[in-house]
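Colleague: One structure coming up, written as structure tokens, with questions to follow.
The values are calculated or read from the model by the stated rules, or taken from the named source; none is laboratory data. Note that this is a predicted model, so its numbers are computed, not measured. Here the Cβ positions follow ideal geometry from the backbone for every residue, glycine too, while neighbour counts run over all protein chains shown. For accessibility, only protein heavy atoms count, side chains too; no ligands or nucleic acids. Shrake-Rupley method; radii C 1.70, N 1.55, O 1.52, S 1.80 Å.
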Amino acid sequence: MPTIRTNDGVGLFYRDWGAGRPVVFVHSMLMSSAMWQHQLVHLAGHGYRAVAYDRRGHGRSDDPGGGYDFDTLADDLATLLDELDLTEVTLVGHSMGGGELVRYLTRHGDARVSSIALVGSTVPRLDVEPADVDAGLARFATDYAGWVAENADRSFGLEPPGADIPPLEREQTIREWLSVSLQAAIACTAANARADFRPELASIHLPALVIHGDSDAFAPLEWCGRRSAALLSDARLLVYEKASHMIHLSHRQRLNADLLEFVRSVRPPSAAPCGLPNARG
């Protein structure tokens, strides 16, 4: 099983498919790299190296009982890029994964990265009252399965095309939510709900694609997608009509095509003509 080991000894499982310029996917909270399989197959099949890994406490990675703050999670991403020696990377993050790639860039720099894509991301921040955060964390601790049961439809979307996600894929996603380490679920939820990435987003000057559903109940378009696109200096916003949070399932073909077009459009720094500055100056 392909695994890298972080500075604090945590084993992280990863998938590494295809060959070419790398596209690295960071999954959402409560899920794993398996959520990206349709996108990994598509990118790998079109001449790119598609990489995704399981966050600590998620999927097949170790459950260390700590390290769920954004600094440590960004360091885990840095370990992956360093260990695999990936350069000219496009980073793609969904939901909480968007915060991890943003913190990676502000903590480790962009020497290995040529562009980013935020898909249904919760950055720059969630407008959630502290009391509501505390109540949600208490619910996780006492009745996490009940919370999953109550919120599944909101995540998938109550109308088509969300309703058209195959039932087995819905079940597989719910099984992923239920299999995550409860401690990781609580700690990641707390970190994500309280984070504010507005200053960090404004400091990023890479080409960026922001993809967001206009029916996303967990990362509302007006709070997250539009704000992210406005804060980034070189961003394009694509709004998917009637798309909810599980956009990688409900709109997989469109998402695959848009990610491929974006990756193809980004000129890596090494392709700059001799004697001319690259895209990052």
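Colleague: Considering region 123-139 alone, what residues qualify as being touching a Leu at 6+ places or on another chain (Cβ under 7 Å) and either in a helix (DSSP H, G or I) or acidic (Asp, Glu) (or both)?
Modeller: none
Colleague: Follow-up. Looking for something of a type in the set (S, T, N, Q) and within 16 Å of the chain's Cα centre (by Cα) - is there at least one such residue anywhere in region 53-69?
Modeller: no
Colleague: Take Val128 and tell me if it is surrounded by 16 or more Cβ atoms within 10 Å (Cβ to Cβ) and either out of contact with any Phe, Trp or Tyr (no Cβ under 7 Å at 6 or more places or on another chain) or at negative phi (or both).
Modeller: no
Colleague: If Leu118 meets every condition in (1) among the hydrophobic types (A, V, I, L, M, F, W, C); (2) open to solvent by 60 Å² or more (accessible area, probe 1.4 Å); (3) closer than 23 Å to Ala78 by Cβ apart from one, which number is that one?
Modeller: Tallying (1) among the hydrophobic types (A, V, I, L, M, F, W, C); (2) open to solvent by 60 Å² or more (accessible area, probe 1.4 Å); (3) closer than 23 Å to Ala78 by Cβ, Leu118 fails exactly one: (2).
Colleague: Please go through region 234-248 and give me each residue that is open to solvent by 20 Å² or more (accessible area, probe 1.4 Å) and not in a loop (DSSP other than H, G, I, E, B), ordered by number.
Modeller: The answer is Ala235, Arg236, Leu237, Leu238, Val239.
Colleague: Wholly within region 1-112, which strands (runs of 3 or more DSSP E) include no fewer than the required count, namely at least 3 residues that are open to solvent by less than 20 Å² (accessible area, probe 1.4 Å)?
Modeller: 11-17, 21-26, 48-53, 89-94
Colleague: Now for a different question. Just checking, which of Glu222, Glu171 is open to solvent by 40 Å² or more (accessible area, probe 1.4 Å), modelled with pLDDT of 95 or more and more than 30 Å from Arg112 (Cα to Cα)?
Modeller: Result: Glu222 is the single residue among Glu222, Glu171 that is open to solvent by 40 Å² or more (accessible area, probe 1.4 Å), modelled with pLDDT of 95 or more and more than 30 Å from Arg112 (Cα to Cα).
Colleague: Okay, moving on. Residues Leu209, Leu178: which one is over 29 Å from Leu231 (Cβ atoms) and not polar (S, T, N, Q)?
Modeller: Within the list Leu209, Leu178, the selection yields Leu178.
Colleague: Please go through region 1-45 and give me each residue that is under 15 Å from Arg60 (Cα atoms), polar (S, T, N, Q) and at pLDDT below 95, ordered by number.
Modeller: Correct list: empty.
Colleague: Mind checking which pairs have a first residue in region 20-41 that is within 16 Å of Gly99 (Cβ to Cβ) and a second that is surrounded by fewer than 23 Cβ atoms within 10 Å (Cβ to Cβ) and aromatic (Phe, Trp, Tyr), Cβ under 6 Å, 6 or more apart or different chains?
Modeller: Between residues of region 20-41 that are within 16 Å of Gly99 (Cβ to Cβ) and residues that are surrounded by fewer than 23 Cβ atoms within 10 Å (Cβ to Cβ) and aromatic (Phe, Trp, Tyr), the close pairs are Leu30/Trp177.
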